[in-house]
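Notes follow once the structure below has been shown.
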Amino acid sequence: MWFRVLVVLLFACGCVQPRSARCKQVCAREYECVTSTNSSIPFDEKECIAACAVLEADQDNLAKVQKHAECVTKKTACSDVLDCQ
């Protein structure tokens, strides 16, 4: 899942980037969906935001962040949100 990749990259980077509004919005929605569906996916909203910010700051990954954010904001059903790559 996208979140797991973010967490790994965050730890690999060893730094914390400024948190963007986009990352906060996407991670808040994902957290809402994980908790409302009683998903077994481990999810930490703060880690998600930090990892997203790291990826967002990397020009090689910015398009992936944008694509994922678009997917999350367009989907209305939580099951669809959790399927976003």
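The values are calculated or read from the model by the stated rules, or taken from the named source; none is laboratory data. Predicted, not measured: the structure shown is a model, and the values here were computed from it. Methodologically, a virtual Cβ is constructed for each residue, glycine included, from the backbone with ideal geometry; neighbour enumeration extends over all protein chains shown.
Quick one: would you say E70 is touching a Leu at 6+ places or on another chain (Cβ under 9 Å) and modelled with pLDDT of 95 or more? Talk me through it step by step, then tell me what you get.
Numbers: touching a Leu at 6+ places or on another chain (Cβ under 9 Å): no; modelled with pLDDT of 95 or more: yes.
No: the conditions fail for E70.
Report, by residue number, each residue of segment 1-50 that is exposed (fewer than 14 other Cβ atoms within 10 Å of the Cβ), closer than 15 Å to L62 by Cα and at pLDDT below 90.
Result: P18, single match.
Working only within segment 51-67, note down all residues that are closer than 13 Å to C84 by Cβ and surrounded by fewer than 21 Cβ atoms within 10 Å (Cβ to Cβ). Please lay out each step first, then the result.
Going residue by residue through segment 51-67, those that are closer than 13 Å to C84 by Cβ are 52, 64-67.
If the condition is that a residue be closer than 13 Å to C84 by Cβ and surrounded by fewer than 21 Cβ atoms within 10 Å (Cβ to Cβ), then K64, Q66, K67 are the ones that fit.
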